[in-house]
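S.K.: Would you mind keeping the following structure in view while I ask a few things?
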Amino acid sequence: MFQANLRVLSAFCLLLGATACTTMSEPQANADGERSIEGTIVSIDTQPWTYDGNAVVVVDAGTQGQVQVQLPARWNLCAAAPVDVEALSVGMRVAATGTAGEADTLVVCQQPSHRLAPAP
């Protein structure tokens, strides 16, 4: 009896934990999955491009925290215009629009309106 109750309690805790995680993600994304941020570049990592991964530009978006703006290696497969990474630098203020991923990610690719550029 005790083991059965323990299993039910464990399952309930796992379900409660999973629910809490899903309700906390993407508070800034709108209904169609788009997200826009403004902030300061903290780091730029283009190393993943060498193995066909996404480059990552970390942007400190103030109250939204640090957001990993992902730039695909294959821009020819994206609707968005390529980002001029050479023109970006740590400390630069930027604006980004893309598809919201996990709570701290944004992918610049899917729509023509997606971008990562110096803030106006």
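The values are calculated or read from the model by the stated rules, or taken from the named source; none is laboratory data. What you see is a predicted model, and the numbers here were worked out from it, not measured in a lab. When we count neighbours, we look across all protein chains shown, and the Cβ atoms used for this are built from the backbone with ideal geometry, even at glycine. Each accessible area value is taken on the protein alone, full model and side chains, heavy atoms only, with ligands, DNA and RNA left out. Shrake-Rupley method; radii C 1.70, N 1.55, O 1.52, S 1.80 Å.
S.K.: Return only the number of the condition from (1) touching a His at 6+ places or on another chain (Cβ under 6 Å); (2) farther than 15 Å from residue 34 by Cβ; (3) of a type in the set (Val, Ile, Thr) that residue 58 does not satisfy.
M.R.: Just one mismatch for residue 58, condition (1).
S.K.: What number of residues within the stretch 62-84 satisfy the criterion of being outside any loop (DSSP other than H, G, I, E, B) and modelled with pLDDT of 95 or more?
M.R.: 6
S.K.: If you don't mind, there's one more thing I want to ask. Do we have residue 102 as at pLDDT 95 or above and either in contact with a Ser or Thr (Cβ under 6 Å, 6 or more places away or on another chain) or at negative phi (or both) here?
M.R.: Spelling it out, it is not the case that residue 102 is at pLDDT 95 or above and either in contact with a Ser or Thr (Cβ under 6 Å, 6 or more places away or on another chain) or at negative phi (or both).
S.K.: Here is a further query. Which residues, taken from the stretch 61-114, are open to solvent by 50 Å² or more (accessible area, probe 1.4 Å), under 15 Å from residue 41 (Cα atoms) and under 13 Å from the mean Cα position of the chain (by Cα)?
M.R.: The answer is 64, 66, 68, 104.
S.K.: Among the numbered criteria (1) of a type outside the set (Asp, Glu); (2) part of a loop (DSSP other than H, G, I, E, B); (3) farther than 16 Å from residue 119 by Cβ; (4) modelled with pLDDT of 95 or more, which one does residue 53 miss?
M.R.: It is condition (4) that residue 53 fails.
S.K.: Now for a separate question. Which condition does residue 38 not pass, out of (1) outside any strand (DSSP E or B); (2) open to solvent by 70 Å² or more (accessible area, probe 1.4 Å), if it passes all the others?
M.R.: Just one mismatch for residue 38, condition (1).
S.K.: I need a count of the residues in the stretch 50-59 that are buried (at least 16 other Cβ atoms within 10 Å of the Cβ) and more than 13 Å from residue 108 (Cβ to Cβ).
M.R.: Residues meeting the conditions: 1.
S.K.: Scan the stretch 85-120 for residues that are assigned to a loop (DSSP other than H, G, I, E, B) and of a type outside the set (D, E, K, R) and report the count.
M.R.: Result for the stretch 85-120: 16.
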